[in-house]
Every structure is written in C-alpha cells, then in structure tokens.
Amino acid sequence: MSVKGIRQLKSIRLYFCDFGGSSRGTRDVLKSQSLADFVKKGSFNMDIFMRRGHHPYFSATYINGFVKDIPLRNLEEEEIMQFFKSSYNSFGRRPLKHNINEVSNDIETIQGKWHDDIWKAYESHEMEDRKVYPELNLTHLPDVPRKKIDRKPSFYMKQSRKKDKIPYPKD
C-alpha cells in the first residue's frame, strides 16, 4: 500500500529448506515465473536464504521499521504468492482499532430516528400553516398606584448603620 505515493514495503527476506517437505511450495515458487514478475513489478529488495532443517517463512520489512514474519509451511504456490501480494499491499503497522460498537439501534435521539429519506423530509415548521395572532394593545389599561409598604429596618440593619459594632447576643 502506498502512503502519499510512497510504497511502504522496503524488503522481503525469504527463508526455506532445500530438502524439507514443508518447503515444497516455497521451492515451487522459486522455480516459477510468477515470483520473477512480482519482484520486477515492485520497488523493494528481495533476499533469499536457505536454512536447512527449518520451516519456510518470509520476513517483510517496511520503511517505518515494522517487521512482519509470515510462516509458509505446507502452503501451495498460489497461497504463497497471495501472501507476497498482501504484504506488498499492506501498511507497515498493525491495523488501527476504530470504534467497535456499531451505530445501529432503534433508540430515538433528540434529532430524530434515522430513515433513508431523511434529506428529502421537510421540517415540521415548514409543513404547518403559520398562525397569526392579533396584536395586543396595552395602552388602554389604567395605571394602578402601588402601595407603599412601611417596613421597619431589622435589628442588624440598625446596628450596621451605627458606628459601633454589632453586639452579639449573650448566651
């Protein structure tokens, strides 16, 4: 896979055994023309190593330093080529975890329940007829005089107006 036009795969290192049974598919890949075409197409280095007595695998190294080892034991030629292509088309990191929970439930939200024609629907205020209310004329109401309430200031208000401090009640 490319990021901003730059392929992420830097190199592939293929390890196999020359006589083991689990490396039969890997030896077939090395003899075939499909591996040569794959290497010509890509812009990466491919190194092939023989390790006797070990199962085959390949190690894909990406430009950010991420290394992915994929075992190839007892696989056929087509399956191995599929692994090569998938490593060529993958990013050099583990897949990112996104929101695992799906947003598909029947709970109605404040905005309303989702339906397919949501963008074709008219707003409810556009569908209703506009109601016209008569204008209120309040100039003809008589002025009502307010009652004056005579209240005496509280004890604490009287004390705060004095220059002396507020006396505390004695226990």
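Scanning region 27-76 for residues that are in a strand (DSSP E or B) and either of a type in the set (D, E, K, R) or more than 17 Å from Arg7 (Cα to Cα) (or both) yields Asp47, Ile48, Phe49, Met50, Tyr57, Phe58, Lys68, Asp69, Ile70, Pro71.
Checking each residue in region 53-96 for being over 17 Å from Tyr15 (Cα atoms), among the hydrophobic types (A, V, I, L, M, F, W, C) and at pLDDT 90 or above picks out Ile63, Phe66. A Cβ distance below 8 Å, combined with a sequence gap of six or more or placement on separate chains, defines the contacts here; from region 33-53, residues that are without any contact (Cβ under 8 Å) to a residue 12 or more places away in the chain reach residues that are surrounded by 14 or more Cβ atoms within 10 Å (Cβ to Cβ) and in a strand (DSSP E or B) in the pairs Val39/Met46. Note on region 117-156: residues that are modelled with pLDDT of 75 or more, exposed (fewer than 10 other Cβ atoms within 10 Å of the Cβ) and in a helix (DSSP H, G or I) amount to 1. Cβ-Cβ distances below 7 Å connect the following pairs, each with a first residue in region 1-12 that is buried (at least 17 other Cβ atoms within 10 Å of the Cβ), a second residue that is at pLDDT 90 or above and in a strand (DSSP E or B), and a separation of six or more residues or different chains: Gln8/Tyr62; Leu9/Ala60; Leu9/Tyr62; Lys10/Thr61; Lys10/Tyr62; Ile12/Met46; Ile12/Phe58; Ile12/Ala60. In region 56-95, which residues are of a type in the set (A, V, I, L, M) and in contact with a Pro (Cβ under 6 Å, 6 or more places away or on another chain)? Result: Leu72, single match. A Cβ distance below 8 Å, combined with a sequence gap of six or more or placement on separate chains, defines the contacts here; from region 80-91, residues that are touching a residue at least 60 places away in the same chain (Cβ under 8 Å) reach residues that are among the hydroxyl-bearing types (Ser, Thr, Tyr) and surrounded by 13 or more Cβ atoms within 10 Å (Cβ to Cβ) in the pairs Phe91/Tyr62.
Is it true that some residue in region 9-21 is among the polar types (S, T, N, Q) and out of contact with any strand residue (DSSP E or B) (no Cβ under 6 Å at 6 or more places or on another chain)? There is no residue in region 9-21 that is among the polar types (S, T, N, Q) and out of contact with any strand residue (DSSP E or B) (no Cβ under 6 Å at 6 or more places or on another chain). Taking residues in region 145-158 that are free of Cβ contacts under 8 Å to residues at least 40 places away in the same chain, and partners anywhere that are surrounded by fewer than 10 Cβ atoms within 10 Å (Cβ to Cβ) and part of a loop (DSSP other than H, G, I, E, B), the pairs with Cβ atoms closer than 9 Å and at least 6 places apart or on different chains are Lys158/Lys152. All conditions in (1) surrounded by fewer than 15 Cβ atoms within 10 Å (Cβ to Cβ); (2) under 21 Å from Phe91 (Cβ atoms); (3) of a type in the set (Phe, Trp, Tyr) hold for Phe19, with the sole exception of (2).
The values are calculated or read from the model by the stated rules, or taken from the named source; none is laboratory data. Keep in mind it's a predicted model, so treat the numbers as computed, not measured. Note that we place each Cβ from the backbone using ideal geometry, even for glycine, and neighbour counts take in every protein chain shown.
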